[in-house]
Every structure is written in C-alpha cells, then in structure tokens.
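Quick notes on the structure that follows.
The values are calculated or read from the model by the stated rules, or taken from the named source; none is laboratory data. Being a predicted model, the structure only gives us computed values, none of them experimental. Cβ coordinates were reconstructed from backbone atoms using ideal geometry, including for glycine residues, and neighbour counts include every protein chain displayed. With ligands, DNA and RNA removed, areas are computed over all heavy atoms of the protein, side chains included. Shrake-Rupley method; radii C 1.70, N 1.55, O 1.52, S 1.80 Å.
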Amino acid sequence: MKIKVGLIGCGAIGHFLLEKINQEKIFPNVEIVSVLDEREKSQPKLAKLADTYDLSFFSDADRFLSLEMDVVVECANVEAVRHYAPIVLTKKDLLIISVGALVDRAFYTELESIAKEHNRKMILPSGAIGGLDLIQAAKVSGGLQEVTLITRKPAKALLSETVEKETIIFKGKASEAISKFPKNINVAIILSLAGIGVNETNVQIVADPQIDKNIHTIKARGDFGEFELQIANHAMPGNPKTSYLTALSILSLLKSMGEQTIIG
C-alpha cells in the first residue's frame with residue numbers, strides 16, 4: 001500500500017522530504033502528493049515545486065483536504081498549527097513539526113478531542129532528541145519518577161553579550177523554561193508530553209561559547225532503573241536553524257507508516 005502525504009508549507013524540512021521521497025524515491029511505498037500554502041507570495045514557488053517534484057499545490061485548505069491522503073505533515077510554523085490543525089484533524093491524520101504550538105495545554109487538549117471524535121491521529125516526531133521510547137515505556141505503568149533535560153547551546157544563540165565560559169542561564173521546571181525560552185526549547189515540550197509533564201520535568205539551559213552545535217542530555221530515573229542519553233545535533237545543510245535529526249525523524253516516521261513490521 002502506498003502512503004500518500006500532503007505538506008502544509010514547504011520550508012527546509014519540506015524541501016528535504018520532497019528530495020528524499022519524490023525525487024530520490026528512497027521509499028517506493030511513500031509519495032508526497034500535494035502542498036498547501038495560502039500565501040499569495042508563495043504561489044510561484046509552489047508552482048515550481050509542483051513541476052519539479054510531480055505534485056499538486058493549493059492555496060485553499062478545503063480543496064487540499066479533499067485529496068486522498070493518508071497523513072498531512074505540517075512543515076510551517078506555530079501559527080500554521082494553530083490555524084490548520086483543528087481543521088485537518090477532522091479529515092486526516094496530522095504530523096506536527098512545530099510542537100511549540102502545543103505548549104498551550106487547552107489547545108493540545110482541544111486537538112486530542114477533535115482527533116478522538118473523528119478517529120484521527122495526531123503524530124509528534126521525536127525531533128532533535130532520542131530516548132522517547134524509553135521514557136514512554138518507563139511511564140506506562142506509572143513508574144517514571146524523574147526526568148531531567150540539559151540543553152547546551154552555543155552562547156551566541158542564547159545571549160546577546162559575550163561570555164568566556166559556560167553559563168547556566170536557566171534551571172527549573174519545563175513549564176517555566178518553555179515560557180521564558182519559547183524559540184529554544186521545543187525539545188522540552190516533546191519530552192514533557194512523552195513523560196511526566198511540564199510541571200515535573202526538570203530543565204537546565206546552558207550557554208557554552210566552546211561549542212558549535214546543540215547538545216541535549218536526557219536523564220531519567222524510575223522503577224525500571226535509570227538512563228542517560230546525550231545527542232549532539234548537526235544543523236541541516238544550508239539551514240543552521242533546523243536540526244538535521246529533526247528532518248530525519250520525520251522521514252523515519254513516514255517510512256514506518258508504509259511498513260508491516262514496526263520496531264519499538
């Protein structure tokens with residue numbers, strides 16, 4: 001069975017998916033069939049993408065959602081999630097990249113309710129971190145007791161002033177970290193959703209002038225024992241603001257939808 005995919009927006013990750021899936025055809029059973037972008041300025045770009053990657057494009061959400069698609073992938077921004085997610089989930093499964101939109105607990109609950117009512121799935125990729133399978137396994141019987149995230153980033157990405165040594169700029173709960181650093185802490189959101197919640201997950205944010213990549217360390221303790229996992233992320237080629245691992249995690253999710261064997 002071929003998995004048909006639609007994209008909302010087409011930035012760096014959208015282009016990456018089109019190149020790998022439609023151009024290189026690394027997964028014969030997955031195809032991106034359409035892109036939605038309502039902005040008038042984007043229409044010439046979409047027309048070029050449609051010609052290059054053999055797909056349709058729309059500036060109208062209703063027409064886009066009338067297509068036969070197995071899943072829609074949001075490749076835009078937080079505002080697009082807020083605008084489109086409630087509509088999409090009435091008709092299609094939705095993979096959300098901009099998980100920052102879900103920090104609003106009421107909105108997250110609303111989306112879950114819509115998905116349940118219409119028998120749809122809301123899919124959240126692991127993005128720039130790993131270990132979420134371990135977190136969820138430890139949580140399933142209520143035995144997950146403590147989760148800590150230490151995010152270490154280049155100092156210039158976090159501070160306007162120059163520092164000569166690593167500096168802890170935040171230490172507290174994920175709820176406060178998300179509020180104070182909304183553009184730098186998507187990892188805390190997805191980790192909290194998978195684990196014990198934003199009010200219980202511990203977060204440290206470190207500005208380090210000696211590194212040139214984002215490094216995330218996850219520590220967890222519970223009835224299962226304990227584990228520590230560290231990920232040092234490279235940026236996507238040509239886009240320093242996007243983690244390459246985030247793009248790969250979405251690609252992996254789409255691949256698994258078309259397979260008979262599921263690992264993990």
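Could you tell me which residue of region 6-20 is nearest to Pro237 (Cα to Cα), considering only residues that are assigned to a helix (DSSP H, G or I) and over 14 Å from the mean Cα position of the chain (by Cα)? Outline the logic, then answer.
The initial filter retains those residues of region 6-20 that are assigned to a helix (DSSP H, G or I), namely 12-20.
Subset that is over 14 Å from the mean Cα position of the chain (by Cα): 15-16, 18-20.
Working: His15: 12, Phe16: 10, Leu18: 15, Glu19: 13, Lys20: 14 Å.
Ranking the qualifying residues of region 6-20, first place goes to Phe16.
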Q: Spot the failing condition for Leu36; the list is (1) open to solvent by less than 30 Å² (accessible area, probe 1.4 Å); (2) within 25 Å of Pro237 (Cβ to Cβ); (3) within 23 Å of the chain's Cα centre (by Cα), and only one is missed.
A: (2)
Q) So, in region 79-108, of the ones that are under 17 Å from Val35 (Cα atoms) and of a type in the set (Lys, Arg), which residue ends up farthest from the chain's Cα centre (by Cα)? A) Lys91
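Out of region 122-147, which residues are part of a strand (DSSP E or B) and without any contact (Cβ under 8 Å) to a residue 40 or more places away in the chain? If you could, list the steps in order and put the result at the bottom.
Filtering region 122-147 for residues part of a strand (DSSP E or B) gives 122-123, 144-147.
Residue satisfying the conditions is Met122 alone.
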Q.
Whether any residue in region 3-21 is open to solvent by 80 Å² or more (accessible area, probe 1.4 Å) and in contact (Cβ under 8 Å) with a residue 12 or more places away in the chain is what I want to check.
A. no
Q | Single residue of Lys241, Lys165, Lys219 found to be among the basic types (Lys, Arg), within 20 Å of the chain's Cα centre (by Cα) and outside any helix (DSSP H, G or I) | A | Lys241
Q.
So for region 170-189 (the condition being among the aromatic types (Phe, Trp, Tyr), part of a loop (DSSP other than H, G, I, E, B) and within 20 Å of the chain's Cα centre (by Cα)), does at least one residue qualify?
A. yes
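Taking region 62-78, which residues are part of a helix (DSSP H, G or I) and in contact with a strand residue (DSSP E or B) (Cβ under 6 Å, 6 or more places away or on another chain)?
Passing the criteria: only Phe64.
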Q. In region 90-102, which residues are closer than 16 Å to Leu67 by Cβ and either open to solvent by 10 Å² or more (accessible area, probe 1.4 Å) or in a loop (DSSP other than H, G, I, E, B) (or both)?
A. Thr90, Lys91, Lys92, Asp93
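Restricting region 128-141 to residues that are of a type in the set (Gly, Ala, Ser) and either modelled with pLDDT under 90 or within 11 Å of Leu229 (Cβ to Cβ) (or both), which is most open to solvent (accessible area, probe 1.4 Å)? Spell out how you get there, then give the answer.
Within region 128-141, the first condition is being of a type in the set (Gly, Ala, Ser), and the residues that meet it are 128, 130-131, 137-138, 141.
Now drop any that are not either modelled with pLDDT under 90 or within 11 Å of Leu229 (Cβ to Cβ) (or both), which leaves 128, 130-131, 141.
Details: Ala128: 15, Gly130: 23, Gly131: 14, Ser141: 102 Å².
Step by step, filter region 128-141, then rank; the result is Ser141.
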Q: Would you check which residues across region 53-78 are at pLDDT 95 or above and under 30 Å from Phe181 (Cα atoms) and list them?
A: Val72, Val73, Glu74
Q: Among the residues of region 197-212, write down those that are open to solvent by 20 Å² or more (accessible area, probe 1.4 Å), part of a loop (DSSP other than H, G, I, E, B) and of a type in the set (S, T, N, Q).
A: Asn199, Gln210
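Those residues that are charged (D, E, K, R) and farther than 10 Å from Asp208 by Cβ, I need them from region 136-155; list them, please.
Step one: of region 136-155, the residues charged (D, E, K, R) are 139, 146, 152-153.
Across region 136-155, the qualifying residues are Lys139, Glu146.
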**Q.** Selection status of Ile150, surrounded by 14 or more Cβ atoms within 10 Å (Cβ to Cβ) and outside any strand (DSSP E or B)
**A.** no
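Does region 216-236 hold any residues that are within 20 Å of Ile168 (Cα to Cα) and open to solvent by less than 30 Å² (accessible area, probe 1.4 Å), and which are they? Before you say what the answer is, go through the steps one by one.
First pass over region 216-236, keeping only residues within 20 Å of Ile168 (Cα to Cα): 216-219, 228-233.
Of everything in region 216-236, those that are within 20 Å of Ile168 (Cα to Cα) and open to solvent by less than 30 Å² (accessible area, probe 1.4 Å) turn out to be His216, Thr217, Ile218, Ile231, Asn233.
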**Q.** Selection within region 89-104 - over 22 Å from Thr242 (Cβ atoms) and touching a residue at least 40 places away in the same chain (Cβ under 8 Å)
**A.** Lys92
Q.
If I ask for residues that are part of a helix (DSSP H, G or I) and either touching a residue at least 24 places away in the same chain (Cβ under 8 Å) or polar (S, T, N, Q) (or both), which ones from region 244-264 would you list?
A. Leu245, Thr246, Ala247, Ser249, Ile250, Leu251, Ser252, Leu253, Leu254, Lys255, Ser256, Met257
